[in-house]
Amino acid sequence: MIIKTLLKSIWRYFDVICIVAATVFAVCGFFMLNFIAGIFSVAGALLILALLSELIAGSINRKG
């Protein structure tokens with residue numbers, strides 16, 4: 001019962017976990033290429049994160 005509840009809560013956020021993991025690996029890869037590329041990839045990742053958070057906040061406001 002506890003495991004089933006835990007898996008339901010993890011599955012609800014599975015997409016977000018995958019996106020965050022992919023972003024972390026991409027940024028690490030860019031830092032391995034070059035420090036300047038790593039800095040720009042952090043900036044790009046933060047821009048995408050900000051855009052997605054605004055889209056999520058907008059969709060929540062429309063529903064409620």
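Values computed for the structure shown
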| quantity | calculated |
| --- | --- |
| Candidates Ile17, Ile60, filtered to the one that is surrounded by 10 or more Cβ atoms within 10 Å (Cβ to Cβ) and out of contact with any Asp or Glu (no Cβ under 9 Å at 6 or more places or on another chain) | Ile17 |
| Residues within the range 33-42 that are under 15 Å from Ala22 (Cα atoms) and either open to solvent by less than 50 Å² (accessible area, probe 1.4 Å) or not in a helix (DSSP H, G or I) (or both), tallied | 2 |
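The values are calculated or read from the model by the stated rules, or taken from the named source; none is laboratory data. Since the structure is predicted, the reported quantities are computational estimates derived from the model, not experimental observations. Every residue, glycine among them, receives a Cβ derived from its backbone with ideal geometry; neighbour counts consider all protein chains shown. Just the protein is used for accessible areas: all its heavy atoms, side chains included, with ligands, DNA and RNA removed. Shrake-Rupley method; radii C 1.70, N 1.55, O 1.52, S 1.80 Å.
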